[in-house]
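Heads up: the structure comes next, in structure tokens.
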Amino acid sequence: MHEENKAAANGCGKIRSGAQNGAALLALMEKTGYSMVQQNGQRKFGGPPPGWEGPPPPRGCEVFVGKIPRDMYEDELVPVFERAGKIYELRLMMEFSGKFIGVCVSLDNCRLFIGAIPKDKKKEEILNEMKKVTEGVVDVIVYPNATDKTKNRGFAFVEYESHRAAAMARRRLIPGTFQPWGHTIQVDWADPEKVVDEETMQRVKVLYVRNLMISTTEDKIKAEFNKFKPGVVERVKKLRDYAFVHFFHREDAVAAMSIMNGKCIDGASIEVTLAKPVNKESSWKQHFNGQISPSSENLLGFPNKEEATQKSLGKPASLSVRLNGQHSPGPPEVERSTYPLFPGIKLTPISMYSLKLSHFSSAVMHLDYFCHKNSWAPPEYCLYSTTSQDGKILLVYKVLISSIADDSQSYFMPEKLCTTVEDAKELAAQFTLLHL
């Protein structure tokens, strides 16, 4: 079969020579007045278009289009996309597969996750280092160690002025090419922050309090937040170095946030924000700068919280784990689907660590992924058993997390026993992720 016929059979159009392609693109630029620049593995059409006045379109105006045929270029794409509206900018990557295209709203992510950072580095040092080698740095977010506030947790988030700046920085910071302080860092996209509509946030009456001392009690937190107006706090739930403070009335929560943010409790300067509600219909999701759904607390014996969220580092999946023979309530499982493997489909070997967290459906896999991200040794599981009064064998796992960087070790063990090995291991992984 001739190449032209092969292309037509594949639905990819006719094959054009380089001269034909160049002529078509020149004709497009003359017709539209748009400029075209090729750099960093992509070709930019427009941005801004002729006669454009004012700032670029705001975030949320961009879509990502995937699976474009390899031999389709701007002269064919622009007329298709213009049907939806005026194009500000089109960026065409120079390597695609084929078949039908897919379109979704672009995440417009401006934040990178930087792992394996020396724990003795301060925010200013990390910020200056990132500014030296990347452009468009706006801020660096660093979380203090839960037990030693003078150290960081071994990772940071770098905020950039635009998605493009973040993407260019991600390429620049490829592991092995850049070693700040003599360390090989890990770089990846940070999961986008949860966006909650303004109407929902106007109803929130729970505060998220971060950077607490491990030794600070719930009673102490409640007393401190009741000082400005006695009796306004309904309850407090503390987990490791962060807590959720529930108020009876929203106006008191907002006032307390303004007063208490930056205050010292037991020698630690706390950060106070409104807690973001969790979508009850969504799966139980966390990310490194993200959130956990309230149902996870039921698995670990915590009281249910109507609209509060928990900030943590891991990202275990939605579960309905059997605890002592009973199913605890939980959000629905992530939808799982199978697809036919047709002959001729190309399969590429990959590492599980190159996937996104959304590809994992268990806390055990999330914990393994998280340890790898932070250059820690894989988690070690030690199984223990006891016998219940009615003769049942009950199981629990202790998890050992070892840091390769500083040889430190931490043990985590939930306070609940399970009847199956699988449930015990999953619960242990969930518990560990909640307390890292």
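If only residues of the range 112-141 that are open to solvent by less than 30 Å² (accessible area, probe 1.4 Å) and within 15 Å of the chain's Cα centre (by Cα) are counted, the one that is nearest to PHE64 (Cα to Cα) is LEU112. Put simply, of CYS104, CYS61 the only residue that is open to solvent by 20 Å² or more (accessible area, probe 1.4 Å), at pLDDT below 80 and over 24 Å from THR177 (Cβ atoms) is CYS104.
Of all the listed residues (ASP241, ASP219, ASP197), the sole one being among the acidic types (Asp, Glu) and open to solvent by less than 50 Å² (accessible area, probe 1.4 Å) is ASP241. Among the conditions (1) of a type in the set (D, E, K, R); (2) at pLDDT below 85; (3) open to solvent by less than 40 Å² (accessible area, probe 1.4 Å), the only one that ASP252 does not satisfy is (2).
The values are calculated or read from the model by the stated rules, or taken from the named source; none is laboratory data. The structure presented is a predicted model; accordingly, all values stated were derived computationally and were not measured. Because the Cβ atoms are built from the backbone with ideal geometry, glycine has one as well, and the counts that use them run over all protein chains shown. What goes into the accessible areas is simple: the full protein's heavy atoms, side chains included, and nothing from ligands, DNA or RNA. Shrake-Rupley method; radii C 1.70, N 1.55, O 1.52, S 1.80 Å.
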